[in-house]
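The values are calculated or read from the model by the stated rules, or taken from the named source; none is laboratory data. Keep in mind the model is a prediction, meaning the values are calculated, not measured. Cβ placement follows ideal geometry from the backbone for every residue including glycine, while neighbour counts extend to all protein chains displayed. The protein model used for the area step is the full one, side chains on, heavy atoms only, and it has no ligands, DNA or RNA in it. Shrake-Rupley method; radii C 1.70, N 1.55, O 1.52, S 1.80 Å.
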Amino acid sequence: MDIQEIRAVSDILRRGMEGYGLAERADPYAIQNMNGYCQMLLDKNREMNLTAITDPVDVANLHMLDCAALLNCAELDGGKTLIDVGTGAGFPGMVLKMLVPSLELTLLDSLNKRLDWLMEVCGELSVQGVRTVHGRAEEAGLDPALREQFDFATARAVADLRVLSELCLPFVKVGGRFLAMKSTGSDEEIEGARAAIQTLGGRVERCFDYTIPGTDVIHRVVVVEKTAPTPAKYPRRWAKMQKAPL
Ligand code: SAM
């Protein structure tokens, strides 16, 4: 990124956070970190497949600000624990961590080289309090060290909500929330997942639709409350989930 692009990204992030009513989060340190993350993402994307979005302005809008919207539908302050399932290049987990430094963040993905790169980003930008778990969510969710240990689980662009709930809800403590980032065209998907969510010990609390500031892109967060422990037999193996979704 050249100096003009770096400035443009900072402006978009600052204005976007104002647009969300979250200007106080956009301190110079947070903006600098998100800008550095954006630069490292686009650099690394030349050799590793991290994102299909290659324009810095689009990265700022469609990755950074998109993920920042979660701050308007969950209280993440106060040393909360969050696991980002299928984090890929770190979305939404890394953005949330940069905006809420007290967050205890776990990044989970089945692709280790992406996780290695994310730890490089944390080192380069001095982001502390991030750990990675390399593995499949359906296996990690059975591990007592991870099961029902988190205040929040997040996921964006990983799976259909029925399957995604089986991957994510086991990680969430009773009383915590699973935040699924979806499109506004997800009404049917949500209806189709209600029974599964109930079986897994959750309930759809609300849908939070938002416009990414400065764009006409409208996305949705499905907020699922964990109301009861997930029965021990879930999550099932991937093939079983695909063959017989709940
Ligand atoms: N969440 C990121 C985003 O919004 O840009 C990445 C989305 S990418 C399309 C999906 C990611 O989920 C990939 O990095 C993939 O390795 C990971 N993934 C898919 N299924 C998974 C599973 N069962 N367990 C762990 N990771 C998984």
Looking for something in a strand (DSSP E or B), over 14 Å from residue 34 (Cβ atoms) and touching a residue at least 40 places away in the same chain (Cβ under 8 Å) - is there at least one such residue anywhere in region 107-129? no
For region 54-72, enumerate the residues that are under 17 Å from the mean Cα position of the chain (by Cα) and open to solvent by 10 Å² or more (accessible area, probe 1.4 Å). 61, 62, 63, 71, 72
Within region 115-131, the residues that are in contact with a strand residue (DSSP E or B) (Cβ under 6 Å, 6 or more places away or on another chain) and β-branched (Val, Ile, Thr) are 130
Checking the structure you have, find out if any residue of region 159-166 is at pLDDT 95 or above, surrounded by 19 or more Cβ atoms within 10 Å (Cβ to Cβ) and acidic (Asp, Glu). yes
Return the pair list, or none, for Cβ contacts closer than 7 Å from residues in region 15-30 that are touching a residue at least 60 places away in the same chain (Cβ under 8 Å) and more than 19 Å from residue 122 (Cβ to Cβ) to residues that are surrounded by 13 or more Cβ atoms within 10 Å (Cβ to Cβ) and of a type in the set (Asp, Glu), at least 6 apart or on different chains. none
Taking region 75-130, which residues are open to solvent by 10 Å² or more (accessible area, probe 1.4 Å), over 25 Å from residue 10 (Cβ atoms) and more than 8 Å from the ligand (Cβ to nearest atom)? 75, 78, 79, 80, 81, 104, 112, 113, 116
Could you list all residues from region 237-246 that are open to solvent by 40 Å² or more (accessible area, probe 1.4 Å) and within 24 Å of residue 144 (Cβ to Cβ)? 237, 238, 239, 240, 246
Scanning region 206-226 residue by residue, those closer than 26 Å to residue 149 by Cβ and exposed (fewer than 15 other Cβ atoms within 10 Å of the Cβ) turn out to be 206
